[in-house]
Structures are given as C-alpha cells and as structure tokens.
Protein chains: 2
Amino acid sequence: MDSSRGYSSHSYAPSAPELPPQSYGQQQQQDNYSYNHHGGSPPSHSYYSQHQQQQPSYGQPSFPAGTHAEVIRAFEMVDRDRSGFIDENELQRALSSGYQRFNIRTIRLLMFLFKNPHDSLKIGPKEFAALWSCLGQWRAIFERFDRDRSGKIDLMELRDALYSLGYAIPPSVLQVLISKYDNGSGRKVELNFDSFVECGMIVKGLTEKFKEKDPRYTGSATLTYDSFMSIVIPFLVSYD
Amino acid sequence: MDSSRGYSSHSYAPSAPELPPQSYGQQQQQDNYSYNHHGGSPPSHSYYSQHQQQQPSYGQPSFPAGTHAEVIRAFEMVDRDRSGFIDENELQRALSSGYQRFNIRTIRLLMFLFKNPHDSLKIGPKEFAALWSCLGQWRAIFERFDRDRSGKIDLMELRDALYSLGYAIPPSVLQVLISKYDNGSGRKVELNFDSFVECGMIVKGLTEKFKEKDPRYTGSATLTYDSFMSIVIPFLVSYD
C-alpha cells in the first residue's frame, strides 16, 4: 500500500506501460498536459504474460489485424447469434473470461465510452478489442500499485495509478470520487479492480470530453450551458 | 399526455407556481436566462391544499418560522435521537409520509443538493423544510403536466415541466437524460414522480453549479479542468 514505488520509478512524470510484442496497430500517445491519457493504448506485456500465451492471431475480417485469439474467443463465445455486436450483459460475460466479473454499472460505463457513437448500446469486434486492450493496461497499472497484492488500492495509490495512466487529478476531486465507495464503516476506503476501472473510466471519459473543448490544451475551456449539460449527463448512468 | 397545455398556459415563458399562503420566508426568484430555476421556492398552493390543512405552526427553534406542523412531524418522527440531523435512510422514511417512497438514489441526490455543505451526509431542520417545500412545488408541476393522472410523464411533458420550473433544456440533452430510464421494452419512456425528481434535481444541481461559473448569465462559462472535474464528479452518485 506504499505509493512511493510508483512515483519513484517514474520520476513524477506520466509513464507509459511497456509495449507488448503486438501493438494492435495503435500508437501509444503522450501529450504534454496535466490531463494526458493513454486511452486505447495496448495492454502491458506484464499482464498478458501472466495470463495468456502470446499467440499469433490470424484475425477475422471484423477484428483489427493482430488481435489475440483469446480476445476473439471471448467475443465469439457471447455473440451467439453471430450478429457481430454484443450488448451490456454479453459484454459482462465476455470480460469475465479475461478479467473478472464487473459490476453492471462499470460495464455500462465501459459500453458508453468504447462503443461507436452511431451504435446504440452495442459494441462490435473493433471496439471490443480496444476495450480489452485498455483493460489489460489498466490491470497492469493496478497491480503495480497494489504492492501487497491485496486486490485493493487506497486513495494515494489511486492518485498514483491515475497519474501513471496520464491523469493528474487534484486530491480534492479524488477524495470526492473515492468517497462514493465509502460504506460508512469508518475504515479507510479501498478500491478493488472493478471500482478502480469505474473511477478511472469516469476520469478518462470526462477528461476526453473536456479536451475536445480545449483543443490547444490550455487547461481551461469555455463551454456553453448546452454543451456542458450534454457532456455531463451521459455520465449519470442509470441502474433501473 | 398532451404537452400543449403547459406551453399554451404559460406562453412559452417560465412561470412560477402560485404562492401558498405562507411563503416560508423565502422569496420566489426569477432570472432572465434560459437556465433559470426556482430552487428552494415554496410549494404550490394546489398541492398543499390537496394534501394537508394549512395549519399555522408555532415552529421550533430549529425550523424556519412558519414551517408547517406536518413538516416538523415528519422530521421528528425519524430523528429519534433528537440530534437535529437525519441521514439518508431517515430522509427516505421522512419523505415517505408526505410524498412517497423515493429510490435511495434520488434520496442521495436530494441529500447532496440540499444539505449544508459543511455537514457530511446529514440534513437539519432548515434544509429539510427547504427540501420539503421544493418537492411540494415539483409535485404540483408534475401533476399539472400529468394530465391523464397516469402518474407518469413522457419526454415532451418532462421538457414542459422543467420549463415551468425555469429550466430550458435542449431536447437532445433531455433525450439522453430520459434514455436512462429506458428498460429496453421498446415502449415510450415515461417517468414517475420519483424519476422526475431525480431528473429534475440533476438539471437543477448542474445548472446551479454552471451559473456559479457564469455569474453574469451570459450562457457560457470558462472552466478550468480542475473546476470542471470538481463540479461534475459529485453528481456521479454511488450505489454500493
């Protein structure tokens, strides 16, 4: 639970995880602002090497070239009607095979952030591969900061983990974010991987939306009331 | 379910509900911008006259002068330890007596919006009276737009109801907001009073936060990344 490792090994600068042998055709990106991110970047080698063989994949027309066979299997296992799209419940089952069972709330957030804006509540192979890849990277970051392998990280570790992913979030904001997971027991709040992904995806999603309004990365953006409401409301996911 | 009544009776201008005999010491406010609101304004007479006698209240030191006896009773019924504060579960029970049982999600949003910022997750008599009063107004608006007394309103009625409350929300934003209540049945989405309050309070809360950043009511605001994140994240309520 010591956060010094993350910072000391990274000299207080956002640092990309190692690249895996296959880069999924996506370039690692790094920008020079406090709300950088590596959304959609490839999974770290360290995670994949623990969990699977690096099998060459011959791909399918619908998956990006070089997609791992495991990713394709996970998708096809749940896409039983071979429609090429999966819904939120299918996504939950598909990710269970590679990661763990995520809360449906996290799944809906992932769906919202990764789906093609033109598709309604479904994701296809390309988006699924990008999501899987991103989760691989985030799993590696999570494990790096969960030094005692408790499966949980605390506030300072969350801050460092998000910093590693390229997001410099003010402690006051993180405090509000993590307080959502306070069960009132009085004990220090800690996040499991599911909650870490939820927190991180909220940060990633809001940051990307903000950056669209701040294309020159000045750190401020002028928003109309309508655009402000349009950006924020989709993040208020429902659970009915 | 006809939305014309709301607009035709209000000439497309935000219109305040009638004032009740007692004004709770709060002034009805109206500003001249598209995201006006009447937060904390008194309940409409039409609602109160249906549900209770307008009894003079002799108040208690902690309640504002003129608070209805029913409001005090509802609060005291759940504040069993006489601490002068109630938590979210107690708030849920207290409101059940005057309105209905709200979803804990709505309750948390109400708590967040009405509590004193210095109190953590509790509200006192003054805030409770303001909340009760606001809900009274919203109930009257809801009933005005639920013409067939089905207990539900649709997208256009929601738009008109929010407009009556002083919020002019773009249809595209409302569509996103109401889609959170789509159960996938393919039927038109309709909101009960609980969901109406949740939607409306999201709109009210975000609008008030935006207005703080747009003190001259120009319709746009310049936000730093930190302030943007700090505004939005508290609205992402948790359900663990």
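Can you list the residues of region A:178-213 with backbone N under 15 Å from a point 7 Å past the Cα of B:ILE104, pointing along Cα to Cβ? Label zone hits: A:180-185.
Electrostatic bookkeeping for B:PRO170 treats Lys and Arg as +1 and Asp and Glu as -1; over the other residues with beta carbon under 10 Å from its beta carbon, the sum is 0. Across identical copies of the chain, A:ASN89 has label-point separations of 3.2 nm, listed in ascending order, with the point defined 7 angstrom from Cα along Cα→Cβ.
Compute the FRET efficiency between B:THR222 and B:SER185 as 1/(1 + (r/R0)^6), taking r as their Cβ-Cβ distance and R0 = 35 Å, and round to the nearest 0.05. My answer for the efficiency is 0.25. Annotation for B:PHE112 and A:GLU212: the two label points, set 7 Å from Cα along the Cα-Cβ direction, are 2.2 nm apart.
In region B:63-83, which residues have a backbone nitrogen under 15 Å from the label point lying 7 Å from B:SER97's Cα in the Cα-to-Cβ direction? Label zone hits: B:63, B:67-83. The other copies place their A:ARG147 label points at 6.7 nm from this one, listed shortest first, where each point is 7 Å from Cα along Cα→Cβ.
Distances between equivalent label points of A:PRO215 across the copies, with each point positioned 7 Å along Cα→Cβ, amount to 3.2 nm, shortest listed first. In the neighborhood of B:THR224, defined by Cβ-to-Cβ distances under 15 Å, what is the net charge if each Lys or Arg adds +1 and each Asp or Glu adds -1? Neighbour charge sum, excluding B:THR224 itself: +2.
By the count of other C-beta atoms within 10 Å, a proxy for reagent exposure, B:VAL197, B:VAL176 are ordered fewest to most as B:VAL176, B:VAL197.
We did not get these values from a lab; they are worked out from the coordinates using the rules stated. None of these values were measured; they are calculated from a predicted model. In this analysis, Cβ positions are derived from the backbone assuming ideal geometry, glycine residues included, and neighbour counts consider all displayed protein chains.
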